Amino acid sequence: RGDIMNGRLPAYKKSFFLSPERPDGLQLQIFHEDGIVYSDLFIDNRFEGYAEVLHGGMIFGILDVIVWYAIVMRTKIVAMTRKAEMEFFKPIMCSAPYRAKAEMLRIEDRDIISTAWIEDPAGEVYARLNAVFREGKGLAMDAFIDRFDFSTTTPAIKDYFLSLLETV
């Protein structure tokens, strides 16, 4: 797949975290580059837990979403969170630049082992998610794929996501 699969990934149109059509949401842009999925973060204090500190639930949600994309990009498996361990090392401040990153590590039996983290511009890790996902069963894949916005993706990435319909 190589570099052809690098680029912006489609947003799920109804996602609080990703949809550009949701003014109440984060409107994150997610990218894939060489096996890593990432999103640059600069989140205002609408989502603070403490004064100017991003709420931990928001941090978990961001990392959970990008892990999902990392799994799809590596395996073409549409998976769901089964178990998650969240570690917070330092407060993630509102209105400051960070990058969220995720990668799928391995598959053990039915478990898809993945990790995601948030780092500052110097690469220091502020939070980490270690997660186990499992393949979602009985999903209406055509309705699911129809909810993606491919307007900002490359043709190769769009084709990749559309090929998920063939794996059902």
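The values are calculated or read from the model by the stated rules, or taken from the named source; none is laboratory data. All values derive from a computational prediction rather than experimental measurement. Note: accessible area is taken over every heavy atom of the protein model, side chains too, but ligands, DNA and RNA are not part of it. Shrake-Rupley method; radii C 1.70, N 1.55, O 1.52, S 1.80 Å.
Key figures
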{"quantity": "For the chain: Kirkwood Rh in Å [reciprocal of mean 1/r, alpha carbons]", "calculated": "16.3"}
{"quantity": "Accessible-area composition of the range 38-168, carbon plus sulfur, in percent [1.4 Å probe]", "calculated": "51"}
{"quantity": "Per residue, in Å², the accessible surface of the range 46-100 once ligands and nucleic acids are set aside, probe 1.4 Å", "calculated": "50"}
{"quantity": "Gained length - residue 154 relative to residue 124, 0.36 nm times residue gap less alpha-carbon distance", "calculated": "7.7 nm"}
{"quantity": "Taking the chain and dividing mean pair separation by its residue count, relative contact order in percent (alpha carbons under 8 Å, at least six apart)", "calculated": "24"}
{"quantity": "Set of lysines near residue 90 by C-alpha distance (under 27 Å), chain-local residues within fewer than 8 positions excluded", "calculated": "101"}
{"quantity": "Residue-averaged 222 nm ellipticity for the chain, from DSSP H runs of 4+ at -39500 (n - 2.57), nearest 500", "calculated": "-6000 deg cm²/dmol"}
{"quantity": "Solvent-accessible area per residue for the range 110-168 (1.4 angstrom probe, square angstrom)", "calculated": "50"}
{"quantity": "Principal axis dimensions, the range 30-76 - Cα atoms, whole angstrom, descending", "calculated": "39, 16, 11"}
{"quantity": "On Cα atoms only, tilt of 56-75 relative to the major axis of the chain in degrees", "calculated": "30"}
